[in-house]
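Below you'll find the structure, written out as structure tokens, and then a few comments.
The values are calculated or read from the model by the stated rules, or taken from the named source; none is laboratory data. Computed from a prediction, not measured in an experiment: that's the story for all the values here. Cβ coordinates were reconstructed from backbone atoms using ideal geometry, including for glycine residues, and neighbour counts include every protein chain displayed.
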Amino acid sequence: MDNTVLERPAETSAGRDERVFVTLTVADQLCGVPVQSVRDVLGEQVITRIPLAPPEIAGSLNLRGRIVTAIDLRRRMGLPDAPPGTPRMSVVAEQGNELYALLVDQVSEVLSLPSDSFELNPPTLPAEWAAHSLGIHRLADRLMVVLDVARVLALAPEA
Amino acid sequence: MDDLLADFLTEANESLAELDLALVRLERTPDDGPTLSLIFRLVHTIKGTCGFLGLPRLEHVAHAAENVLVKVRDGVLAVTPDNISTVLGAVDRIKEIVVGLGVAGTEPSGDDVALVAALNALAEGRAAPPAPVGAPAVAPVAAPVAAAPAPPAEPVAPPAAVAVAPAPVAAPEPTPEPAEPPTAEAPVAGQTIRVGVDVLEDLMTLVSELVLTRNQLLQLARTQEDSAFGVPLQRLSHITSDLQEGVMKTRMQPIGNAWNKLPRLVRDLAREVDKRIELVMRGAETELDRQVLELIKDPLTHMVRNSADHGLESAAERRAAGKPESGQIVLNAYHEGGHIIIEVADDGRGLPIDRIRAKALSRGLASEAELAAMTDAQIYRFIFRAGFSTAAVVTAVSGRGVGMDVVKTNIERIGGTIDLKSYPGQGTTFIVKIPLTLAIVSALIVQAGRERFAIPQISVVELVRAAGSDGAAAADRTESRIERINGTPVLRLRDRLLPLVSLAGLLRLDHDTGAEEAGQCIVVTQVGASMLGIIVDRVFDTEEIVVKPVAPILRHITMFSGNTILGDGSVIMILDPNGIARANGIAGSESRHSENTRREAVAQSEQRTAMLLFRAGGPGQMAVPLGLVARLEDIERERIEMSAGQPVVQYRGRLMPLVALSGTLDITRERQAVLVFIDVDHGLGRDRCMGLVVDEILDVVEERLKVELSGDRPGLLGTAVVAGKATDVIDTAYWLTQATRDWFRSGQRSVGIRPPHVLVVEDSDFFRNLLVPALAAEGYEVTACDSAARALRLRDAGTMFDAVLSDIEMPEMGGLALVHALRAGGPWAELPIIALSGRTSETDMAAGRGAGFTDYVGKFDRTALLASLRQCLGETARAA
């Protein structure tokens, strides 16, 4: 099977002071995307290259009859490319009636995190992360960056 | 919201849109009888319905407007721009109230005293009177200003009526194209249904999926010969194609619908900025997806406003420049290669290039050096940047600098592009190109650099395999060779040299640069007026694909016009030959402007057609294909007789109606030149003939007929160049129908014992839907028709009724004319015919009875109507 579809936990089960995230890994950093933004989670996909497209556009793929634009999150955030041969997964988000697949290294579990573990970006956060992050959550053993999906998808077309 | 009210609002909105157009038309041609009747009827209907529904403010305003129109109709008040403005003011007020009604469910509170006073002053002749001298003594307008007629006594909405009201899903019907001859409207009105837009949306998506799945199946089937699936799959494929066509039709609307507010807008603008402006709309019937239509309305309006406000000069300036005083804004729409092209052109002063340069500099958008290196076209494109406006004065109309960038964004959001051309002193043209989203097009699949691409079949002229430029093959294959000019490859194709471009190179794909030239596949494509050869590695086959616009971030890549999913599930990009040509600096699209920017449309035949040239109603030359004309006759004045108000002549044993092309028959002429058309109608078992009266027959020429279509003048197909002159080509079908008449057929049944069968003749959907159930509830069997012509056809077909109820104010044939026709003879001559009207003054009722109506009741007076019916039928029964 090509696609793995994650079940979205019922929103109502999260308490008022808890937020639910889908976690993913990019360049060894754990990130989270609010669960409401996630339409789909996909495994390895056949991606058609789009000639002349900006480098962060990995190409397009076919998701049940809809054309989804694949965005390489590493490139988008200015991080070094993954070593060739690493498996990729993606998280599908929608904006302005278009579907976008964010290519990441790994998509992991869904976490429900209390809001008091949330903090704004520390000043020491590297620039490329700070530009696309809304803040971080302190987990037991590591930090999770909350991705600003709107920012990631705000790819301005070249005039 | 109440169903009745919802229906009323929908119908009112449609009527208001029509009113705008009709009033502007009337202003231009004050003696346009049908338009005046239309306006009167629309206002009258609104007024009547308002009274019925208890909407006093609306009724008040409509009533006052109607009084003015009565005076115009009776010839007492002339049509002047000022008068029209006052009436348009009333229309605007009605619109306001209707909007408020739509939001709140009740009329917004407000004060119409000033407006109504102005209208009444006009109607009573107290306003500056351009009225004709010696006007007959006019009875002062009876309707007092202050008194709103009392709402009718009867209950507002009998439950039966509500139940029958159509499902209130509010998808507006497309307003009928005003330029179409009125006969076209009548048959459609009774056979339409309102459907929600989202339902259509879902249907369309499903059909697209079906097409893709069908493609997949076909592809699989191709790999298995002689499978049992073959035949049913073919059938499925055909059905899918038909389904796809049908569903697409539901989404397509003529672009004229987006244009229908523009005549009014331009008229008001022209008055506001004190210029003379003529709006020409071509290609209004070009169809596009309704959603796209919605989205381009605003951008188009903005561009027209810009042209009117900034582009066109004042009359004085134009005179000084040697231009005609009246500035022209031309809208032109046509299909091209899977897109709709809309041009907005004005013949004004063009864009001020120096001011644009200065502004770009002052805003830091470019340096002096960069500006110096740019072409004029590139400089013009600065106006699409945000906040850019070179208007020295920001007027209320435009110049606020928020315009063109928003226009560009909106157009690009739907996957379109906008470009412009401007010539100082001559004018500016904006060219908008919009994809037909969800269009399912045929495309050629090609491969370059190990990737596949689709090229729309429409752009593909031919496929060529290039001979190598060396070796023995060259000797036999001189037809298509790749040659080099200065190192740049060109293709010699028969007699032409075409520029060549390598697709793989253009898209910067990895490809084997080694395998050049020999045996290369070249796709020859049409780009504007020129051709371009695209070198590819391989050509597959043609497939039907669903075009999906590219994601917004990719819109700037002009080589692609969309992407799609192939039968095997892979996503491929769709190439745009125009974009490729532009990227290569090939003059394809650029050179077009040296010819006419107006699109030469379809109707070109390769053969030479014999054309009859004549003059009618003006100095210009007109033409008709000679093959359609049966005979040319010269008819003496004495032979022309009048029959039922129409000139006829006895011709070879039949009565031939005469129609004057110029509109009115000049009876002072001794002899009339007549083109005789004979139309044999086997279905009806007889032939019709018609004589078209012209001023002078000029000549017969044989030429290739290339008609440039223009849809806005009834009776004319368009313009062509014949014998070196611009010639109007007439629409023969239109003129034939102008002369057609119904005729009498015998055959009737006697009335048996069954519930009385009543015929309702009422053109307003709304009222028909009210009356029919109300009558049915009383136990009558009801048939409804929406025009007097329909009613007469029913009579001639032998249908029999016990009574006829007819509206008075109807287009083409009103109630008075109908009753006249019915009483004149035929099976319905003795039937009780009851008039229904919004006007129930004594004079009106007397007129009605005088014309032959058995009785005359108010439209909204249900009790009176039923009583009258009972009485009339009772008397007939007694008499029988």
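Restricted to segment B:567-579, and to residues that are within 9 Å of chain A (Cβ to nearest Cβ) and outside any strand (DSSP E or B), which residue is nearest to residue B:409 (Cα to Cα)? Before the answer, list the steps.
Within segment B:567-579, the first condition is being within 9 Å of chain A (Cβ to nearest Cβ), and the residues that meet it are B:569-573.
Cutting the leftovers down to outside any strand (DSSP E or B) gives us B:569-570.
On the way: B:569: 31, B:570: 30 Å.
Ranking the candidates gives B:570 first.
Summed over segment B:521-564, residues that are among the polar types (S, T, N, Q), outside any strand (DSSP E or B) and either closer than 30 Å to residue B:218 by Cβ or out of contact with any helix residue (DSSP H, G or I) (no Cβ under 8 Å at 6 or more places or on another chain) (or both) total 0. Only residues that are surrounded by 20 or more Cβ atoms within 10 Å (Cβ to Cβ) and either farther than 18 Å from residue A:96 by Cα or at pLDDT 75 or above (or both): list them for segment B:408-419, please. Scanning segment B:408-419 gives B:408, B:411, B:417, B:418.
Here are the criteria: (1) away from chain B (no Cβ under 13 Å); (2) within 30 Å of residue B:207 (Cβ to Cβ); (3) touching a Lys or Arg at 6+ places or on another chain (Cβ under 9 Å); (4) among the hydrophobic types (A, V, I, L, M, F, W, C). Tell me which single one residue A:35 does not satisfy. The number of the failed condition is (2). Being within 14 Å of chain A (Cβ to nearest Cβ) and either crowded, with 24+ Cβ neighbours inside 10 Å or basic (Lys, Arg) (or both) holds for only one residue in B:553, B:557, B:545, and it is B:545.
Apart from one condition, residue B:196 fits all of (1) surrounded by 14 or more Cβ atoms within 10 Å (Cβ to Cβ); (2) closer than 22 Å to residue B:297 by Cα; the exception is (1). Taking into account only those residues within segment B:340-375 that are within 22 Å of residue B:305 (Cα to Cα) and of a type in the set (A, V, I, L, M, F, W, C), which is surrounded by the most Cβ atoms within 10 Å (Cβ to Cβ)? It comes out as B:342. Within segment B:532-542, the set of residues being surrounded by 22 or more Cβ atoms within 10 Å (Cβ to Cβ) and either at the interface with chain A (Cβ under 10 Å from one of its Cβ atoms) or farther than 19 Å from residue A:50 by Cβ (or both) comprises B:532, B:533, B:535. Among the residues of segment B:629-666, just one is over 36 Å from the mean Cα position of the chain (by Cα) and either polar (S, T, N, Q) or under 24 Å from residue B:714 (Cα atoms) (or both), namely B:650. With the structure loaded, tell me whether residue B:279 is assigned to a strand (DSSP E or B), surrounded by 21 or more Cβ atoms within 10 Å (Cβ to Cβ), touching a residue at least 40 places away in the same chain (Cβ under 8 Å) and not charged (D, E, K, R) or whether it fails that test. The answer is yes for residue B:279. I'd like to know if segment B:836-843 contains one or more residues that are at pLDDT 85 or above and among the hydrophobic types (A, V, I, L, M, F, W, C). Yes: segment B:836-843 contains one or more residues that are at pLDDT 85 or above and among the hydrophobic types (A, V, I, L, M, F, W, C). Residue count for segment A:53-74 satisfying the condition of being under 25 Å from residue A:146 (Cβ atoms) and at pLDDT 90 or above: 9.
Within segment B:1-16, residues that are part of a loop (DSSP other than H, G, I, E, B) have Cβ atoms under 7 Å from residues that are surrounded by fewer than 18 Cβ atoms within 10 Å (Cβ to Cβ) in these pairs: B:1/B:105, counting only partners at least 6 apart in sequence or on another chain. On the stretch given as segment B:845-863, residues that are more than 13 Å from residue B:771 (Cα to Cα) and modelled with pLDDT under 80 total 0.
Here residue B:288 passes the criteria (1) in contact with a helix residue (DSSP H, G or I) (Cβ under 9 Å, 6 or more places away or on another chain); (2) over 23 Å from residue B:196 (Cα atoms); (3) not in a helix (DSSP H, G or I) except the one numbered (2).
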